[in-house]
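Worksheet: the structure to be examined is printed underneath.
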Amino acid sequence: MLARPVDPARYGGVVRPDKTVWWAADELERVRRLRGRSPDTWPTPTALPDSLDRLAKWLTELGWDDLTCLARREELAVYGRLSAVRPGLFADRIVHALAALRRSLMECKRHEEALEVVDELLLLSETNRSAQAEAPDARY
């Protein structure tokens, strides 16, 4: 997944790109280990989605927005499963992941998918303050 060249024009990091790739690979390995375990055995209740969030940030820094979208979608899927058990507890984190996914989809020029995310954010903005803060940017 991470065996691709880094485009210096897209790279947004402050250290060498190879270090960022190494950090992303390390986070991806952490995600792989957590995926196969029950949430009850995670070190924290949000270990997997937090790890996916960090992975997505590294991928964004590398300019690999297509991979960022995959990580964000998985993060949202995990939050969806966690929310089924504890409704409302992860609402702000879901909004954060949706807003980040929207930005990545726009970078990939996947506008139709980005519009679906905008609709979801606007729906959430009716009841969630974090989503209300994201709504103006999402509408734009």
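The values are calculated or read from the model by the stated rules, or taken from the named source; none is laboratory data. Just so it is clear, the model here is predicted, and its values are computed rather than measured. A quick note on method: Cβ atoms are made from the backbone with ideal geometry, for glycine too, and the neighbour counts reach across all protein chains shown. Ligands, DNA and RNA are stripped out before the accessible areas are found, and what is left, the full protein with its side chains, is counted by its heavy atoms. Shrake-Rupley method; radii C 1.70, N 1.55, O 1.52, S 1.80 Å.
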*Mind counting the residues in the range 123-140 that are farther than 20 Å from Leu89 by Cα and either modelled with pLDDT of 75 or more or open to solvent by 20 Å² or more (accessible area, probe 1.4 Å) (or both)?*
4
*Name the pairs whose Cβ atoms lie under 6 Å apart, with the first residue in the range 65-87 and on the phi < 0 side of the Ramachandran plot and surrounded by fewer than 18 Cβ atoms within 10 Å (Cβ to Cβ), the second among the hydrophobic types (A, V, I, L, M, F, W, C) and at pLDDT 90 or above, and 6 or more positions between them or separate chains?*
Asp66/Cys108
*Would a scan of the range 32-45 turn up a residue that is under 25 Å from Ser130 (Cβ atoms), out of contact with any Asp or Glu (no Cβ under 8 Å at 6 or more places or on another chain) and not in a loop (DSSP other than H, G, I, E, B)?*
yes
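Return yes or no: is Trp58 of a type in the set (A, V, I, L, M, F, W, C) and under 11 Å from the mean Cα position of the chain (by Cα)? Can you show your working first?
Working: of a type in the set (A, V, I, L, M, F, W, C): yes; under 11 Å from the mean Cα position of the chain (by Cα): yes.
Judged against the criteria, Trp58 is a match.
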*Of the numbered conditions (1) among the hydrophobic types (A, V, I, L, M, F, W, C); (2) in a helix (DSSP H, G or I); (3) over 16 Å from Ser104 (Cβ atoms), Val15 satisfies every one except a single condition; which is it?*
(2)
*Is there a residue being over 14 Å from the mean Cα position of the chain (by Cα) and of a type in the set (Asp, Glu) anywhere in the range 42-50?*
no
*Pairs, please: C-beta under 8 Å, at least 6 apart or cross-chain, first residue within 20 Å of Asp53 (Cα to Cα) and in the range 1-27, second open to solvent by less than 80 Å² (accessible area, probe 1.4 Å) and among the acidic types (Asp, Glu)?*
Tyr11/Glu61; Gly12/Glu61; Gly13/Glu61; Thr20/Glu61
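Could you say whether any residue in the range 104-121 is among the β-branched types (Val, Ile, Thr), within 21 Å of Asp66 (Cα to Cα) and touching a residue at least 24 places away in the same chain (Cβ under 8 Å)?
Residues of the range 104-121 that are among the β-branched types (Val, Ile, Thr), as a first pass: 117-118.
In the following step, the residues that additionally are within 21 Å of Asp66 (Cα to Cα) were identified as 117-118.
Next cut, touching a residue at least 24 places away in the same chain (Cβ under 8 Å) only: none.
No, there is no match, as no residue in the range 104-121 is among the β-branched types (Val, Ile, Thr), within 21 Å of Asp66 (Cα to Cα) and touching a residue at least 24 places away in the same chain (Cβ under 8 Å).
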*Mind checking which residues of the range 1-54 are within 22 Å of Leu76 (Cα to Cα) and either open to solvent by 90 Å² or more (accessible area, probe 1.4 Å) or in contact with a strand residue (DSSP E or B) (Cβ under 9 Å, 6 or more places away or on another chain) (or both)?*
Met1, Arg32, Arg33, Arg35, Arg37, Asp40, Pro43, Arg54
